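Data block below; observations after.
The values are calculated or read from the model by the stated rules, or taken from the named source; none is laboratory data. In this text the structure is predicted, and so the values were computed from the model without any measurement. Here Cβ is always computed from backbone atoms with ideal geometry, including for glycine, and neighbour counts include all displayed protein chains. These accessible areas exclude ligands, DNA and RNA; they are computed on the full protein's heavy atoms, side chains included. Shrake-Rupley method; radii C 1.70, N 1.55, O 1.52, S 1.80 Å.
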Amino acid sequence: GQNIDQPTEMTATEGAIVQINCTYQTSGFNGLFWYQQHAGEAPTFLSYNVLDGLEEKGRFSSFLSRSKGYSYLLLKELQMKDSASYLCAVGSGYALNFGKGTSLLVTP
Amino acid sequence: DAGVTQSPTHLIKTRGQHVTLRCSPISGHKSVSWYQQVLGQGPQFIFQYYEKEERGRGNFPDRFSARQFPNYSSELNVNALLLGDSALYLCASSTQLTQGPDQPQHFGDGTRLSIL
């Protein structure tokens, strides 16, 4: 089975840094994905980790520890447009198994 | 290039009816996956099709079925609709059978299905 946990809600201030954690227990693993989803829109791909360590892509970074079943998404220099739901997903076989998502609110 | 397109965008049905949702993948993408997203939850995997064959199925009842056509577009069919089937149905396409950094799944905007 699959068990993917992430916080339900987070609030951060414009210009700040926020870290969204994700823990997982899965029966298969071929990568850890982060997606961003604005209300009423499609999820959009942000990052992918398959090996341990940090992947940096502009203002977004993602970290993976396979032995701990742990990942985080780091968002720097927060902007108002970063207010969205952030979905942690584990690739397992042919499917993406998603957590429930973390709703991030960026305040002025 | 056009992204993943889904139709219709919204649909209202009553219990017991059936529904067909349609998806056109990004040009060149041979893999299509379907997900159900209930309000406040993450997407839940229903099916994956690759090269017109079912390659994976999630934990959904037999009322859910799908198929992929020679042009790689896909249909999701749901029979005997229940109130609990109300959700956003997302279609995602990718170039390969499994996901990776160069072949992530790209999602359409979804079909919002409401069951009365």
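In this structure, residue A:90 does not satisfy being open to solvent by less than 30 Å² (accessible area, probe 1.4 Å) and in contact with a helix residue (DSSP H, G or I) (Cβ under 6 Å, 6 or more places away or on another chain). Candidates in region A:19-39 are the residues that are out of contact with any Phe, Trp or Tyr (no Cβ under 8 Å at 6 or more places or on another chain) and outside any strand (DSSP E or B); of these, the one that is surrounded by the fewest Cβ atoms within 10 Å (Cβ to Cβ) is A:39. Across region B:34-54, the qualifying residues are those that are in contact (Cβ under 8 Å) with a residue 24 or more places away in the chain and hydrophobic (A, V, I, L, M, F, W, C), and the one among them that is surrounded by the most Cβ atoms within 10 Å (Cβ to Cβ) is B:34.
Annotation note: of B:30, B:52, the sole residue that is of a type in the set (Lys, Arg) and away from chain A (no Cβ under 14 Å) is B:52. Within the group A:42, A:16, which residue is aliphatic (A, V, I, L, M), within 14 Å of chain B (Cβ to nearest Cβ), assigned to a loop (DSSP other than H, G, I, E, B) and in contact with an Asp or Glu (Cβ under 9 Å, 6 or more places away or on another chain)? None of the other options fit; the residue is A:42.
Results for (1) part of a loop (DSSP other than H, G, I, E, B); (2) open to solvent by 50 Å² or more (accessible area, probe 1.4 Å), shown as yes or no for each residue.
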position: B:61; (1), (2): yes, yes
position: B:65; (1), (2): no, no
position: B:71; (1), (2): yes, yes
position: B:76; (1), (2): no, no
position: B:81; (1), (2): yes, no
position: B:89; (1), (2): no, no
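The residue pairs whose first member lies in region B:57-84 and is farther than 16 Å from residue B:22 by Cβ and acidic (Asp, Glu), whose second member is at pLDDT 95 or above and open to solvent by 60 Å² or more (accessible area, probe 1.4 Å), and whose beta carbons are closer than 9 Å, counting only pairs six or more residues apart or on different chains, are B:62/B:79.
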